[in-house]
Amino acid sequence: MKAERTHYACEECGEASVQWLGRCPACGSFGTMREEKKEPAMSGGSRPKAEPLPMGSIAEEKPRITVGIGEFDRVLGGGAVPGSLVLLGGEPGIGKSTLLLQAASSLAARGAKVMIVSGEESAAQITSRARRMGVLNPGLYLLCETDVEAVAEAARELAPQVLVVDSIQTMRVSDLDSPPGGVNQLRECVYRMQALAKEVDCAAFLVGHVTKEGILAGPRMVEHMVDCVLYFEGERFDSLRILRAAKNRFGSVSELGIFEMTDAGLVEVEDPSHYFLGAREEPVSGTAAVVVMEGRRPLVVEVQALVVPSRLPSPKRVSTGMDHRRLAIDVAVLERKARVRLADRDVYVGISGGLKVSEPALDLGVCMAIASSRQEKTLPSETVFLGEVSLTGEVRPVSRVEERLREAARLGFRSLALSDRARLRYGLHGLKLVGVGDVRGALAAFGIA
Ligand code: TYD
Ligand code: MG
């Protein structure tokens, strides 16, 4: 038998090492390696005997449980799957508890038995919040508990169809020596929730707090363990919230759900095109819409530019949400290749919704927004701009046009400015195409040269 050894695990990603390291070799975080005692795999104890079955004797999957909140169901891929584990990640205060409370109430109202386990708030707090939001459902079961075994026992007894655990970081396994919040604890909690979801045959939603740098403990590790990973995102001081799937064994990851945080909780933005175009109803100079890819997911954002006379010998170029070097290049190209005079102007560029966009497909939109502000002329609000701009001023095709177009069309955009060199091997989804060769031509095509 091997001697019991201590080992070290990264709090961020769960990477294990036999020696202490100042920097995690897997994720590169500093000072995140913590000592962990090797524990026997505890969840193995009650595992049922493995038994292969002839396919003909296997019952088909149970139907999905529809939440009844369209934007949520869409991202789930058509509702929650019994026996599955869904992680809902997001920064503290973004609205995870609110979203799941509303989802739970909606499910309860549709006749599902739902149990909310909270390790963060009291039952009274949750109830009054539900009342305030007008979603108080007497059939909703609440349990304030942090001990996983106690939760499991309660769930076995109640046999809910849906289980919400808020948050996974507050849960602990009492018969495990490791300190709460550590990787071992988190892993074991998720394992037991997984086993529980299978045993009770319920859809389990786990809340996971995420900081700007990642989940408080072991983000990627938990992501690998669950069936579906949803992220709830938005700016704290902005009411727009976006729910997106980062992983989904039961659906596509390109769907996103859009919500608005109001005094009465989250309201679905059922017609995002109206939401976005409503905000852009009267075209404003200095704005241009772009479809960016966030990982594998397309998202329409608005580039906002403000160009003002500068009193400085070297005028300011300030960007939020995009790389400042990219902005410097776009400004230089506008000056030299499209004769937009900016040398005596300060240029500020931001991305709506507080997103950080790093892909070159943003270039054309940035150039258009800056020129639009400089000339004080508006761009059509139903047009999206897609294009990487080279140092010569040429507008280049972008990748994944099909997905971007589908998203733009879904959000109600009607036309599209794209490199005239892009060979279209896909449907345009009803968008009118404006082919542009270079930045100068693009400005001319939209009357802002
Ligand atoms: P919450 O769901 O508690 O966030 P999380 O669980 O992700 O930490 O949401 C907290 C924020 O949402 C808080 O700042 C207040 C705001 N909020 C509203 O604006 N309206 C509401 O109806 C509710 C319930 C919360
Ligand atoms: Mg919360």
Which is away from ligand 2 (no atom under 16 Å from the Cβ) and not acidic (Asp, Glu), of 108, 130?
108
Which condition does residue 107 not pass, out of (1) of a type outside the set (Asp, Glu); (2) at pLDDT below 95; (3) over 28 Å from residue 221 (Cβ atoms), if it passes all the others?
(2)
Could you list, in sequence order, the residues of the stretch 321-354 that are assigned to a helix (DSSP H, G or I), under 16 Å from residue 304 (Cα atoms) and under 29 Å from the mean Cα position of the chain (by Cα)?
324, 326, 327, 328, 330, 352, 353, 354
With the structure loaded, tell me whether residue 199 is surrounded by fewer than 23 Cβ atoms within 10 Å (Cβ to Cβ) and modelled with pLDDT of 90 or more or whether it fails that test.
yes
For the stretch 357-364, state whether one or more residues are in contact with a helix residue (DSSP H, G or I) (Cβ under 6 Å, 6 or more places away or on another chain), within 23 Å of residue 234 (Cβ to Cβ) and β-branched (Val, Ile, Thr).
no
Can you tell me which residues in the stretch 402-443 are in contact with a Phe, Trp or Tyr (Cβ under 9 Å, 6 or more places away or on another chain), small (Gly, Ala, Ser) and on the phi < 0 side of the Ramachandran plot?
417, 442
Residue 164: in a loop (DSSP other than H, G, I, E, B) and among the β-branched types (Val, Ile, Thr), yes or no?
no
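Considering 84, 17, which residue is away from ligand 1 (no atom under 16 Å from the Cβ) and either modelled with pLDDT under 80 or not assigned by TED's automatic domain parsing to the domain that holds residue 194 (or both)?
Working: 84 fails: either modelled with pLDDT under 80 or not assigned by TED's automatic domain parsing to the domain that holds residue 194 (or both).
Residue meeting the stated conditions: 17.
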If you take the residues of the stretch 220-270 that are small (Gly, Ala, Ser), out of contact with any Leu (no Cβ under 7 Å at 6 or more places or on another chain) and not in a strand (DSSP E or B), which of them is surrounded by the fewest Cβ atoms within 10 Å (Cβ to Cβ)?
264
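Within the stretch 101-110, is even one residue surrounded by 19 or more Cβ atoms within 10 Å (Cβ to Cβ) and within 10 Å of ligand 1 (Cβ to nearest atom)?
Scanning the stretch 101-110, I find at least one residue that is surrounded by 19 or more Cβ atoms within 10 Å (Cβ to Cβ) and within 10 Å of ligand 1 (Cβ to nearest atom), so the answer is yes.
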Criterion first (touching a strand residue (DSSP E or B) at 6+ places or on another chain (Cβ under 7 Å) and either farther than 30 Å from residue 8 by Cβ or at pLDDT below 90 (or both)) does residue 125 satisfy it?
no
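Evaluate the following for residue 122: is it in contact (Cβ under 8 Å) with a residue 12 or more places away in the chain, within 15 Å of ligand 2 (Cβ to nearest atom) and surrounded by fewer than 16 Cβ atoms within 10 Å (Cβ to Cβ)?
It is true that residue 122 is in contact (Cβ under 8 Å) with a residue 12 or more places away in the chain, within 15 Å of ligand 2 (Cβ to nearest atom) and surrounded by fewer than 16 Cβ atoms within 10 Å (Cβ to Cβ).
The values are calculated or read from the model by the stated rules, or taken from the named source; none is laboratory data. As the structure is a prediction and not an experimental result, all values here were calculated from the model. Cβ coordinates were reconstructed from backbone atoms using ideal geometry, including for glycine residues, and neighbour counts include every protein chain displayed.
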